[in-house]
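The values are calculated or read from the model by the stated rules, or taken from the named source; none is laboratory data. Just so it is clear, the model here is predicted, and its values are computed rather than measured. Cβ placement follows ideal geometry from the backbone for every residue including glycine, while neighbour counts extend to all protein chains displayed. Keep in mind that these areas ignore ligands, DNA and RNA; they rest on the heavy atoms of the full protein, side chains included. Shrake-Rupley method; radii C 1.70, N 1.55, O 1.52, S 1.80 Å.
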There are 2 protein chains.
Amino acid sequence: MRTIRVGLIGLGTVGSGVIEILGRHREDFRRRAGVDIELARFADRNTARFADLGLAAEACSDDAQALIDDPSLDVIIELIGGTGIARDVVLKSLASGKSVVTANKALMATSGEEVMVAAEASGVDIRFEASVGGGIPIIEPLKHSLTSNEIVTVMGIVNGTTNYMLTRMADDGLDYDTVLAEAQARGFAEADPTADVDGHDAAAKIAILASIAFNSRVVMSQVPTEGIRSLSPADIAYAREMGSTIKLLAIARRTDSGVDIRVHPTMIRTSHPLASVNGVYNAIYVVGDSVGETMFFGEGAGSLPAASAVVGDLIEVARRIQSGSAPTVGCTCTEVLPLRDIADLETGYYIRLEVADKPGVLAAVASVFGAHEVSIASVIQKRAEEGVAEIVYVTHCAREASVRSALSEIEALDVVSRTAAVIRVEDI
Amino acid sequence: MRTIRVGLIGLGTVGSGVIEILGRHREDFRRRAGVDIELARFADRNTARFADLGLAAEACSDDAQALIDDPSLDVIIELIGGTGIARDVVLKSLASGKSVVTANKALMATSGEEVMVAAEASGVDIRFEASVGGGIPIIEPLKHSLTSNEIVTVMGIVNGTTNYMLTRMADDGLDYDTVLAEAQARGFAEADPTADVDGHDAAAKIAILASIAFNSRVVMSQVPTEGIRSLSPADIAYAREMGSTIKLLAIARRTDSGVDIRVHPTMIRTSHPLASVNGVYNAIYVVGDSVGETMFFGEGAGSLPAASAVVGDLIEVARRIQSGSAPTVGCTCTEVLPLRDIADLETGYYIRLEVADKPGVLAAVASVFGAHEVSIASVIQKRAEEGVAEIVYVTHCAREASVRSALSEIEALDVVSRTAAVIRVEDI
């Protein structure tokens, strides 16, 4: 058994988890998986981390290039993150004939095809299971066990921060600002929560999932994205009354008119498998033409869960090198599917209007919806305060563009104060 | 690209699904997975199936041996089932240098090690994803993505028939006989439901899962197994009152004193990820030392879901043959862990007694539990009818042997009519 020598670049949260797992299980991996993996060299700009992690000084460098240039290394683990230096490190490592394992969602969601093509050209592996869903096996099942399917839908709760916040809002009736402060205090949200609460993190992940599932490249900038900032406890309470719950879903569907992909708060029935995924947990729901509905659930973040996926990838690369064989799965982008404009989306809509508490309002609004061929499935009207009423509509399946046009007209009605919320409804 | 030639033995439900998937997607697999797979020959004793499935007569045989002896075949798919002829077919196919894909849980749960060793000796693959959980990817994630973990727990709802029945009992207050008749009428249960309702099917599946997860062989005859025949609507209703639900769980745990493995109706909290898995769905919950909690959910049976797993395995074998490389994962039985006697199990117990409606009963029973060091967490007493009361206990964590001894003594008390139910409680 030859020793597979690994260079680890980036010694943050996930990197320290990788060191911990290999420290604990290296001997087990020799016995159980038939591979001997040595974390041989480490690089980080923050050189204080070397001593903190108990690493031998001679194995450490503040320069990633030193590892890339080391011909004795078989694999580079890239845990720098982002699309700048990380992209350089990954491409140069691949070009030097080293396989790469990364947890970098931003990189894979922007330059995934470039990176996979580079790996294929060099005859090495690029693996990125940790880029989506932390430790949950999802990229590998999509590339392997589920290859027998035409995947129809990939839809998930892929951001633990916002799922924690929405769970707290739903369970305890708290408002957005309160739960954000709590999530920050508990370490579930960053000081600048933008990437999470505005949905960008989820957009990167669904771009990766859709690319693999549909064998066609989607990059994160192509994903229409709405976050959870404007969600109010009122909408969460109405959803509950209707037997539904609101989750920040990342959705990708294969349709006859192209890939429908988007991230937004979504109302789903409480009986849906994703509805009971609470707290910081993640889950990815996949529908295939043969397998039907499946779901993959687990911890979407954290040092050890993410490191579990990184080391899982590393063991696969090591097994492949050990056996002397070439990678069997290269770039997955074998198709070029168009993306469907979100204006063409057809789904249900939950719409909450603030209106004057006067006779005739319902009729006036109904006539505008009707003119735009938006058919209403249910209406709840409540008096909010003196002279002001709240009307909550749920539509049948309607075209996004029609709903938007109807709402523009409705907002222009004298009796309508404002559109307080528009939330798409799945599974109607 | 060379064509991978496959012999399919057994043309029942799953076999016809395999033919359907390859008929629909062969060209997609060439493009997306880079492999060309031809179902070249078919065998079944029931020769009427050949014409029903539209197969060319010259590709069909009533003799499996003809396919095993055909040197032009690369892979055999064994879908005969059972441990007799199927074992012969699998072992002979492997010995002849063919890789084998099977959905045969009975075979893998009794002769798994023999089969895996035979495959390794011949340098070919044996794959059996479809043997557990239908189309749900679980064997592959355990062998690959999750290899980085020491798996602590594998626990699942792995029998759709009984889960459908328990869901109906819980949702609609129906009794066992009614839901069994309904399940039979709807095609979810067989005319002889023994394998499902007595837990044998689940025992085979957990033996396979535990063997892979713990790298140590467990065979199905070693799994203490209780089915659902004696479950009453009363227990399901009490469970609900306590914020719990009852599921037929197949449980395997790595403990300091060996592998704890068993199948029985189990009370779990409604917040547990497995509690909301309803109807014919299956789910396998896995806890690893790094990944934490994960769960894999989907359809556990049916022609296309099971065929999805078979064809997924087939594509992997084809990729491996196409690349000219050797299998990277052989027999997983690298450890020899002892099995823990169920008498040594320590868990919570739900116990329902029918007793005389007299003063002093609670004290008498409590004193016996106390003498056996079984500590009670909660008690509910209800009058069932004139002179008869029902007492429901939930214990703290207690030793199985102690609970059994205590119950023998309690049943001998004058005031106790019978033990109406004993159900183990998880997650206490």
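Quick notes on this one:
- Fully extended contour minus Cα-Cα distance, from residue A:13 to residue A:69, at 0.36 nm per residue: 17.6 nm
- For the segment A:127-139, counting C-beta atoms of other chains within 10 Å of every residue's C-beta and taking the mean gives 3.
- With both residues required to sit in the protein assembly as shown, DSSP beta bridges show an antiparallel share near 70%.
- List of the stretch B:291-306 residues, accessible area with partners at least 40 Å² below that of the chain alone (1.4 Å probe): B:291, B:293, B:295, B:296, B:297
- Anisotropy class of the protein assembly as shown from Cα gyration tensor, a/c 1.5 cut: rounded
- On full extension, the segment bounded by residue B:335 and residue B:36 gains 103.9 nm, given 0.36 nm per residue less the C-alpha separation.
- Sequence-separation-based contact order of the stretch B:236-304, relative, with Cα cut under 8 Å and 6+ spacing, percent: 21 percent
- Copies compared at residue B:344 - label distances in nm, ascending, label defined 7 Å from Cα in the Cβ direction: 6.4
- Residue and distance (whole Å) for the chain B Cβ nearest the axis that superposes B on A: B:325, 1
- Length-normalised contact order of the stretch B:222-276 in % [C-alpha pairs under 8 Å, at least 6 apart]: 39 percent
- The protein assembly as shown - mean residue ellipticity at 222 nm from DSSP helices (-39,500 (n - 2.57) per run, n ≥ 4, rounded to 500): -11500 deg cm²/dmol
- Surface share of carbon and sulfur [accessible, 1.4 angstrom probe, percent] for the stretch B:139-299: 48 percent
- Taking every protein chain into account, the accessible area of chain A amounts to 36 square angstrom per residue (probe 1.4 Å).
- Positive-end residue, chain B charge dipole about Cα centroid, Cβ charges, pick of B:325, B:283, B:133: B:325
- Simple spin-label estimate for residue B:62 and residue A:62 gives 8.1 nm between the two label positions (7 Å along the Cα-to-Cβ direction from each Cα).
- Student exercise, the stretch A:233-305 dipole from Lys, Arg, Asp, Glu Cβ charges, in Debye to nearest 20: 100 debye
- Diffusion constant of the stretch B:343-425 at 37 °C, which comes from Stokes-Einstein with the Kirkwood Cα-pair radius and 0.692 mPa s, µm²/s: 262 µm²/s
- Net charge dipole, the protein assembly as shown: roughly 1040 debye, given to the nearest 20, about the Cα centre with Cβ charges of +1 for Lys and Arg and -1 for Asp and Glu.
- Ligands, DNA and RNA left out, the 1.4 Å accessible surface of the stretch A:320-381 is 52% carbon and sulfur atoms.
- Between helix B:176-185 and chain B: long-axis angle, C-alpha atoms, 0 to 90°, nearest 10: 20 degrees
- Neighbour net charge for residue A:31 - beta-carbon separation under 13 angstrom, K R +1, D E -1: -2
- Projecting the Cα positions of A:33, A:264, A:248 onto the charge dipole of chain A (unit charges on Cβ atoms of Lys, Arg, Asp and Glu, taken about the Cα centre) puts A:33 furthest along the positive direction.
- Placing +1 on the Cβ of every Lys and Arg and -1 on the Cβ of every Asp and Glu, with no other charges, gives chain B a dipole of roughly 860 debye about its Cα centre.
- Between residue B:46 and residue B:96, the modelled labels are 2.4 nm apart [label points 7 Å from Cα along Cα→Cβ].
- When residue A:386 is represented by a point 7 angstrom out along its Cα-to-C-beta vector, the spacings to that point in the other copies are 6.5 nm, nearest first.
- Inter-copy label distances at residue A:233 (7 Å, Cα→Cβ; nm, one decimal): 4.0
- Contact order for the stretch A:139-299, expressed relative to its length and based on alpha carbon pairs under 8 Å spaced 6+ residues apart, stands at 34 percent.
- Cβ neighbours within 10 Å from other chains - mean over B:325-337: 3
- R0 of 30 Å, Cβ-Cβ distance residue B:192-residue B:399: FRET efficiency to nearest 0.05: 0.25
- Relative to one another, the C-alpha centroids of the stretch B:361-395 and the stretch A:344-417 are positioned 58 Å apart.
- Interface area, chains B and A: about 4200 Å² of buried accessible surface, summed, with a 1.4 Å probe and ligands, DNA and RNA left out.
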